[in-house]
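Okay, structure first, notes after.
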Amino acid sequence: MKRLPLTILSSLLCGAATLAQDDRALIEQTAQDQAAARPTAPPPPPAPVAQDESLNAQELAARTELTLVRVRLELVLARKALHVSDYRAAADRALAVQALLKELPAALDASEHELQAEGILAKAAKAGVDVETLRRQAAGDATPLPGFDDYLDRQAQAAERIGRRYSGADRAEVSTAAGAADLRRQALQRQTPTDHGYRPAREIFDTPSILQQDEQRLYYEAALRKLYQTDEARRTVEAHEARVAPDGDVAYPDDWAQKSAAREKYRGGRVAKSDSWVDGSGREWFVALYDTRDLIYEPPDFRLPFSMFAGENLRDALDREALRQRSQIFNGYAEDLAAGIPLLRYFGGVDDFEYRGPKYNLQKQQEIIGLINAFTQQVTEAKVIPLGP
């Protein structure tokens, strides 16, 4: 092996060490240049801060309470719309309630509000509102079928022509002046489409109002039936009470003493009396009103339409038959019947008291006045007052 001199080996070692330092410096410089050329990376996100669980619970409770308040408000507005028969608005409010109920926590029992919303939708559907279409519209699925608008427009125009030709009576429930646009809109709002779609001609008549009238008429008829049944029962009971005969010949009511005392001031027939005054001769004067109907009443002559004897009955029957066949009483004119009335009375069968009612005798009234004048007027000569038989 050939050995180099020591001085040459040491020189080589020193040169190799110098080259190694230069290489390391070059590598470090290159790394720095590349780092400066690359974009600066974003700083790492900060570590998540632990949230307070009590605040989350408070937020959930507040949101739930707010949703329930909105639900109650929508239900109140829906009931107000029902009160004024605005069934479309009531249905919209009820659908909004159902949408709000979906935002509530699953553990919360909101069945009461759900039942109220379903009840309002049922009333709206009964009144003719297309609830299912409104539900699809609320869900964003209300795209009409191809040609639907043209078909409904033709139906509405035909319905308008029918309304123009309406020849019935004018009533509040009949809208003959409604145009095709109104009939179309009302059909979409009130009706539930069948297999044949909507029927705008139905909107010529106010069907919800007619149904409400029928419903109220049923309630009225039920109440009226109860009223006249109660009245019939009352009158039946009173009729049966009248069948109870008194114990004696004359029966007095329980309050007879009170009634007699109340009539005491009318004793003697005096109905009213003015204030009295005394003249210079010491006589008392007053103005009084007397009821003398009991004194001048003329009782009728009661006679049975038949006799207790067979011979009299046969005679009256033969005489009346002769009058019927041989006279003009029943075969002539009205004046003939009037002229024959006395004969009919003579043969019985005519009760004067039944046809004439109470009768008062004016002659007896004049006789009473004459008696009063005879006692109250001062006369110097004797007076004779004739009285009736």
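Rounded if a/c is under 1.5, else prolate if a/b is larger than b/c, else oblate: which is segment 170-218, with a ≥ b ≥ c the root eigenvalues of its Cα gyration tensor? In terms of gyration-tensor shape, oblate. Between Glu118 and Thr236, take the C-beta separation as r, use R0 = 45 Å, and let me know the FRET efficiency to the nearest 0.05. With a Förster radius of 45 Å, E is 0.40.
Rounded, prolate or oblate for segment 58-138? Axes are the square roots of the Cα gyration tensor eigenvalues, ordered a ≥ b ≥ c, and the cut-off for rounded is a/c under 1.5. Prolate is the answer for segment 58-138, as a/c is 1.5 or above and a/b outweighs b/c. Taking the fewest neighbouring Cβ atoms within 10 Å as the starting point, the ordered list for Thr207, Thr133 is Thr207, Thr133. Our estimate of slack between Asn361 and Asp182, defined as 0.36 nm per intervening residue step minus the Cα-Cα distance, is 56.7 nm. When each of the peptides 230-238, 84-92 is scored by the mean number of other C-beta atoms lying within 10 Å of its residues, the order from highest to lowest reads 84-92, 230-238. The peptide list 77-83, 64-70, put in order of mean Cβ contacts within 10 Å with the highest first, becomes 77-83, 64-70. Overall shape: oblate for segment 224-270, with the ratio a/c of the largest to smallest alpha carbon gyration tensor axis at 1.5 or above and b/c at least equal to a/b.
Note on Leu100, Leu211: ascending count of other Cβ atoms within 10 Å places them as Leu211, Leu100, the fewest first. In order along segment 84-95, phi translates into HN-Hα couplings of 9, 6, 8, 6, 5, 5, 5, 5, 4, 5, 5, 5 Hz, rounded to whole numbers, per the Karplus curve 6.51 cos²θ - 1.76 cosθ + 1.60 with θ = phi - 60° and x for Gly and Pro. Each peptide in 54-61, 286-293 receives the mean, over its residues, of other Cβ atoms within 10 Å, and ordering these scores from highest gives 286-293, 54-61.
For segment 310-350, the Cα gyration tensor yields ellipsoid semi-axes of 20, 11, 5 Å (square root of five times each eigenvalue, largest first, whole Å). Only alpha carbons enter this Debye calculation for segment 181-260, each as an equal point scatterer, and the log10 of I(q)/I(0) it gives at q = 0.17, 0.18 Å⁻¹ is -0.86, -0.88.
Computed about its Cα centre, the charge dipole of segment 310-350 is approximately 40 debye, with only Lys, Arg, Asp and Glu carrying charge at their Cβ.
Once the chain from Gln378 to Glu53 is taken as fully extended at 0.36 nm per residue, the excess over their C-alpha distance is 104.9 nm.
The lysines within cross-link reach of Lys80, meaning a Cα-to-Cα straight distance under 21 Å and a gap of 8 or more places when in the same chain, are Lys123, Lys126.
Since every read-out is calculated from the coordinates, none of them should be taken as a lab result. Note that this is a predicted model, so its numbers are computed, not measured. Here Cβ is always computed from backbone atoms with ideal geometry, including for glycine, and neighbour counts include all displayed protein chains.
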